[in-house]
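In what follows, a structure is listed as structure tokens, so that the remarks can point back to it.
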Amino acid sequence: MKRKRTSNESETENGVSRRDFLKLASGLAAAVGLTQFIRLDTLAGSGTEGQEKGVKWGMLIDINKCIGCNYCTYACQAVNNLADDMLYNVVTTETTQNGTEYFLSRPCMQCAEAPCVHVCPVAATYYREDGIVAMDYDRCIGCRYCQVACPYDARVFNWRQPIEKSELSPMFGVQEVPNRPRGVVEKCHFCSHRIDDGLVRNLTPGVDPQATPACVVACPTGARVFGDLNDPESPISKAREQANVTLRLREELSTEPRVYYVPPASAYRPPFQKGE
């Protein structure tokens, strides 16, 4: 017997019921200890892309393709010469409300309205023209205001002198950026050095490996996609268009993250078909 859909189960534009989507949002939120993962209008593709001019780099992570190998983390450590307690990218194992386990990879969200930028008293954290939230380590005074303000726990404080060489080098890459001094806050920067160098050489970030973040290149399953959010032909724009649903962390805070997720398919599959 076909069940009548209640008012709370009205479908979104992507065929996911509001009730089931809220369950999914609640389940994924637990991964970072949050009360809400995203706003419902994210399903319709809301965001700042298209509203901002010029190139705006973004990343999409497909949870369904992530196998928890940590290659993204290892590549990041090798390229940035990071110790094991200084991770820019963290992969955790989480569970949806229906009991399905999944891996959640969390780099810096490169927010368009970044709390870390707003609270920095010396402008050591700033926006690049391409949207990347960058650090000026010469200006950083180590107050850690940015670390406290970040709702994604995406920053780490450098308590000690930098390590001589990552144990993950050269297997997962070699150091590509200078060591940061003791007493500063560090973070993921989308491998901006690769992006900048690649553009000078007429390479396309997200397409050419030499101009693409190391974590994206290292992923063996293609779970990470990178590109210009304002370019409809970029890899990330095409991936978002093909995805059934995309989510963003803590969007209710209006931070406007530039990292999108394709959630576990089993978590958002509607219990009925259209017309039932």
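The values are calculated or read from the model by the stated rules, or taken from the named source; none is laboratory data. Just so it is clear, the structure is predicted and the values come from calculations on it, not from any experiment. We place every Cβ from the backbone using ideal geometry, glycine too, and count neighbours over all the protein chains shown.
A few remarks follow.
- Some residue of region 53-76 being within 19 Å of R194 (Cα to Cα), in contact with an Asp or Glu (Cβ under 9 Å, 6 or more places away or on another chain), of a type outside the set (A, V, I, L, M) and in a strand (DSSP E or B): yes
- Qualifying residue in region 101-113 (condition: free of Cβ contacts under 8 Å to residues at least 12 places away in the same chain and within 23 Å of V262 (Cβ to Cβ)): yes
- Scan of region 213-245 for residues that are of a type in the set (S, T, Y) and buried (at least 22 other Cβ atoms within 10 Å of the Cβ), ordered by number: S234
- Residue among V91, V79 that is in contact with a Leu (Cβ under 9 Å, 6 or more places away or on another chain), touching a residue at least 24 places away in the same chain (Cβ under 8 Å) and either outside any loop (DSSP other than H, G, I, E, B) or closer than 20 Å to T246 by Cα (or both): V91
- Check on C116, touching a Cys at 6+ places or on another chain (Cβ under 7 Å) and under 26 Å from R194 (Cβ atoms): yes
- Region 237-276, subset in contact with a Leu (Cβ under 9 Å, 6 or more places away or on another chain) and of a type in the set (A, V, I, L, M, F, W, C), residue modelled with the lowest pLDDT: A267
- Pair list, Cβ under 8 Å, 6 or more apart: region 130-150 residue at positive phi, other residue modelled with pLDDT under 95 and outside any helix (DSSP H, G or I): G131/E52
- Looking across region 98-134 at every residue that is in contact with a Ser or Thr (Cβ under 9 Å, 6 or more places away or on another chain) and in a strand (DSSP E or B), the one that is surrounded by the most Cβ atoms within 10 Å (Cβ to Cβ) is identified as V133.
- One residue stands out among those in region 70-97 that are within 16 Å of D153 (Cβ to Cβ) and among the charged types (D, E, K, R): the one that is surrounded by the fewest Cβ atoms within 10 Å (Cβ to Cβ), which is D85.
- Output for region 160-198, where each listed residue is surrounded by 13 or more Cβ atoms within 10 Å (Cβ to Cβ) and basic (K, R): R180, K187, R194
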